[in-house]
Amino acid sequence: MNNVTELFAPPIGSEVFAKIDNQPFYGSESLSLKFLESMRKSSHSKPLYNTIEKLVANGTLVPCWLNKSILKLVIFRMTAPDSAKNGVAFFIPKYKKIYILIDNNINNWGFASNDWISTITIHEMCHLLAKTKPSAFVSAYTPILKEYYGNLFKRIFQLNIVPDVSKFIKFLFKKFEFTANTNLYNLNKYYEYVMEWKELSSFNSEDYQSMAMLLINCIKIRHINFSAWYTNMSKFSAILGPMRQAYIDVIGEAFNGVNTNVFQELDVPSEVIAVISEVKNKYTSKVYQGLKKL
Ligand SMILES: [Zn+2]
């Protein structure tokens, strides 16, 4: 073993399972088995066990030991209570793989750990489905997305009805989720979409327009400079507040059990499904049905 491995002290018998940006990640056969055992035990992931087992076997889901230097990259997901914070997961679209990073100090694969690790795994599986099987994703989840974005815009712009957002959702998929392209052209198009509901709003023309600009800036600044956006988050409360409330419109009080911060939804529709997957609610079986297509 070289110095790097000693620094992070992966358990004996571990080998390099992945390399991301030249950073080695260590795993082992026994870790993968432990992970699967934990997925089988958690009531949250049990219904998806066969899918998860298949994804581990084909190398799409990669359990590794947590490497401390990666923590800063994923810090925004670390909002769970300390007792449960023994793993992080992230999806790398380029590799079409999900890395589940498990704390190598974990000494208790108990209820809290099983549940936490299954929650973050399923969350990332939603992003994976959107990227690898987009038409399956769209056909499974469009009704949920219509409900979320309809309520979101009703709240942001104080509309008197839930608007029809079908065309907007297609646009969001095509130009943002699948291509992750927040160029000026796409942002202008986004602006034009939200301006379509102007007549339904109780805002005057000027207020409506400035709210639309705030929304566009919320997306733009986040992409240009995330840490600047993060420290100035309160400036966007008129957008971020409704983003949380729209979840309550869709899944009710179950949303209070969600651990993830809300901010990607404006331009990443799979985040909506990923967040809804985290807690038990009226759409749980629908979300799982879609994920079984992975
Ligand atoms: Zn996510």
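Select, from N281, N259, the only residue that is in contact with a Ser or Thr (Cβ under 7 Å, 6 or more places away or on another chain) and either closer than 30 Å to N86 by Cβ or not assigned by TED's automatic domain parsing to the domain that holds T51 (or both).
The conditions single out N259.
Failed condition for L294, given (1) within 19 Å of E177 (Cβ to Cβ); (2) away from the ligand (no atom under 16 Å from the Cβ), with all others met?
(2)
Just to be sure, is S234 in the same structural domain as A140 (by TED's automatic domain parsing), more than 15 Å from the ligand (Cβ to nearest atom) and in contact with a strand residue (DSSP E or B) (Cβ under 7 Å, 6 or more places away or on another chain)?
Judged against the criteria, S234 is not a match.
Given (1) crowded, with 20+ Cβ neighbours inside 10 Å; (2) not in a helix (DSSP H, G or I), where does K280 come up short, assuming only one miss?
Single failed check for K280: (1).
Look through F176, F153 and report the one residue that is under 21 Å from S270 (Cβ atoms), in contact with a strand residue (DSSP E or B) (Cβ under 8 Å, 6 or more places away or on another chain) and in contact (Cβ under 8 Å) with a residue 12 or more places away in the chain.
F153
Out of K220, K286, report the one residue that is of a type in the set (K, R), under 22 Å from Q209 (Cα atoms) and surrounded by fewer than 20 Cβ atoms within 10 Å (Cβ to Cβ).
K220
Within the range 226-240, how many residues turn out to be free of Cβ contacts under 8 Å to residues at least 12 places away in the same chain and within 23 Å of F173 (Cα to Cα)?
Qualifying residue count, the range 226-240: 1.
Please determine, by comparing only the residues of the range 223-243 that are more than 23 Å from T179 (Cα to Cα) and buried (at least 18 other Cβ atoms within 10 Å of the Cβ), which one is farthest from the chain's Cα centre (by Cα).
Only one residue fits best here, namely F236.
Could you grab me the full set of residues in the range 237-258 that are away from the ligand (no atom under 13 Å from the Cβ) and more than 18 Å from I219 (Cβ to Cβ)?
Answer for the range 237-258, where residues must be away from the ligand (no atom under 13 Å from the Cβ) and more than 18 Å from I219 (Cβ to Cβ): Q245, Y247, I248, D249, V250, I251, G252, E253, A254, F255, N256, G257.
Of everything in the range 259-288, what is within 11 Å of the ligand (Cβ to nearest atom) and free of Cβ contacts under 8 Å to residues at least 60 places away in the same chain? Give them in sequence order.
Once the filter is applied, which keeps residues that are within 11 Å of the ligand (Cβ to nearest atom) and free of Cβ contacts under 8 Å to residues at least 60 places away in the same chain, the range 259-288 yields V262, F263, Q264.
The values are calculated or read from the model by the stated rules, or taken from the named source; none is laboratory data. None of the values given here were measured: they were computed from a predicted structure. Every residue, glycine among them, receives a Cβ derived from its backbone with ideal geometry; neighbour counts consider all protein chains shown.
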